[in-house]
1. For segment 251-284, give me each residue that is over 22 Å from the mean Cα position of the chain (by Cα) and either at positive phi or of a type in the set (K, R) (or both).
2. Would you mention how many residues in segment 156-165 are assigned to a helix (DSSP H, G or I) and within 14 Å of the ligand (Cβ to nearest atom)?
3. Only one of A50, A94 is of a type in the set (G, A, S) and within 22 Å of H142 (Cβ to Cβ). Can you tell me which?
4. Which one is nearest to the chain's Cα centre (by Cα), of the residues in segment 297-314 that are farther than 16 Å from S379 by Cβ and surrounded by 10 or more Cβ atoms within 10 Å (Cβ to Cβ)?
5. Here's a check for you: in segment 284-308, which residue that is touching a Phe, Trp or Tyr at 6+ places or on another chain (Cβ under 7 Å) and not in a loop (DSSP other than H, G, I, E, B) is nearest to G370 (Cα to Cα)?
6. In this structure, does V61 turn out to be at pLDDT 95 or above, surrounded by 16 or more Cβ atoms within 10 Å (Cβ to Cβ) and near the ligand (Cβ under 10 Å from one of its atoms)?
7. Among the residues of segment 16-48, which ones are closer than 16 Å to I79 by Cα and within 11 Å of the ligand (Cβ to nearest atom)?
8. So which pairs qualify, if the first residue must be in segment 53-80 and among the acidic types (D, E), the second must be surrounded by fewer than 22 Cβ atoms within 10 Å (Cβ to Cβ), the Cβ gap must be under 6 Å, and the two must be at least 6 apart or on different chains?
Amino acid sequence: MSTDFHVDTGNPLTLWCTPHSLYSGKVRSYLIKKGLPFRELLPPHPRFGAEVLPAVRHFVVPIVETTDGRFIQDSTVIIEELEHRFPERPMVPATPVQRVIATLLGGFGSEGLLTVAMHYRWSYRAEQENFLRAEFGRAAHHGPDREERLASGAALMDYFNGFLPNLGVSAESIPAFEASFIELLEALDIHFQHYPYLLGGLPSIADFGFMAPLFAHLARDPVPSSLMKNLAPNVYRWTERMNLPAIADGEFPEQASEWFPDDQIPQTLEPVIRLMFQDWGAQLLADAEFVNAWLLANPNVPSGQPTSADGERRVHPVLGEISYPWRGVTVNRASAPHGLWHFERAAGLARELEGEAKTRFDALAGKLGGSEVMRIRISRPMRREDDALVFA
Ligand SMILES: N[C@@H](CCC(=O)N[C@@H](CS)C(=O)NCC(=O)O)C(=O)O
């Protein structure tokens with residue numbers, strides 16, 4: 001698979017995915033950059049219904065099937081498990097501040113930018129209807145009949161389209177979400193003119209998290225793709241680079257294929273981190289307040305119960321409704337524990353920092369508007385278990 005690095009896994013892994021899926025884009029670029037051989041299969045394949053669905057018990061992608069017959073769901077868990085199995089060429093920074101920042105950015109990409117990605121896919125549906133039908137069709141139907149596949153795509157689209165209000169998209173909030181996205185594109189475009197990846201010359205979990213929204217939706221769907229190409233061509237180029245096996249890029253001939261030295265965070269990344277604290281932080285603070293109140297009102301939730309209000313296992317569990325001020329508007333949306341789970345993975349690492357690393361991280365968070373966010377505590381831990389998010 002890779003031209004400059006290759007891990008011999010015996011047999012290739014299988015990535016159950018679709019080309020237009022947000023979290024599949026994250027795992028695909030991870031497998032490519034990690035140098036792990038894999039093949040892709042899509043849900044219309046008969047083995048999906050016969051073997052994958054009974055194992056995972058959600059109709060969902062991405063799922064990685066390992067050569068020892070395990071099916072792993074959740075893009076973050078997949079990366080964690082494969083990092084454990086294949087420790088060569090690590091994708092999680094080893095130094096303390098970079099590790100916290102990479103985990104935070106990976107979470108921001110994976111969950112904090114979901115609304116923007118879904119907004120540009122669905123609020124502009126009419127302008128990109130045929131493309132979306134074809135893409136959703138690929139996920140639902142194999143075969144040469146074009147009309148049949150478009151019809152299958154249309155049926156699936158109505159289900160996903162329905163997610164939008166849960167994510168806080170409304171006529172009032174749309175201008176704020178679009179402004180936040182354009183600011184992020186601008187900050188990233190400057191950074192990617194200096195460096196090929198978020199943490200320098202080597203991709204990390206930060207880049208893979210960002211690939212979730214920035215590839216399948218925002219770089220591929222016609223309306224946001226045109227916006228990204230015109231406003232932030234370096235970001236578009238990064239999405240291409242992230243799907244190439246080579247780590248080095250000829251545009252940066254002097255760049256060593258490694259993370260920034262001495263645990264540094266470069267100046268060009270600071271505006272991106274500031275936007276993360278501001279824009280994802282507002283949601284995390286509202287989610288944390290809601291979840292802590294919910295846990296107070298539901299003290300007898302048993303360990304292992306899924307983090308949905310009704311206790312059911314869901315791909316995107318919801319505990320209730322939240323409402324919070326952000327960028328001059330009110331966002332009304334579902335409270336999404338998955339975002340807090342991501343955040344807590346980073347916040348837990350931040351709390352373990354000691355000495356000079358702690359001083360440096362606290363100073364960086366303070367300078368970039370993150371002190372209040374970094375104080376968030378959830379009164380009960382959450383974990384992934386049996387392919388679902390549960391209370392510990
Ligand atoms: N937390 C999961 C989310 C996976 C997910 O949302 N997958 C989408 C496609 S990108 C899906 O299949 N959703 C089905 C559903 O939400 O019912 C992950 O990181 O893998």
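The values are calculated or read from the model by the stated rules, or taken from the named source; none is laboratory data. Note that the coordinates shown come from a computational prediction; the quantities given were computed from them, not determined experimentally. Cβ placement follows ideal geometry from the backbone for every residue including glycine, while neighbour counts extend to all protein chains displayed.
1. D262, D263
2. We begin by selecting, within segment 156-165, every residue assigned to a helix (DSSP H, G or I); these are 156-161, 165.
If we keep only those that are within 14 Å of the ligand (Cβ to nearest atom) as well, we get 156-161.
Number satisfying all stated conditions: 6.
3. On the way: A94 fails: within 22 Å of H142 (Cβ to Cβ).
Matching residue, one of A50, A94: A50.
4. R314
5. It comes out as L284.
6. Values: at pLDDT 95 or above: yes; surrounded by 16 or more Cβ atoms within 10 Å (Cβ to Cβ): yes; near the ligand (Cβ under 10 Å from one of its atoms): yes.
Yes; evaluated as a whole, the condition is true for this residue.
7. If the condition is that a residue be closer than 16 Å to I79 by Cα and within 11 Å of the ligand (Cβ to nearest atom), then W16, C17, L22, Y23, S24, G25, K26, V27 are the ones that fit.
8. From segment 53-80, the pairs are E65/T14; E65/F71; D74/R384.
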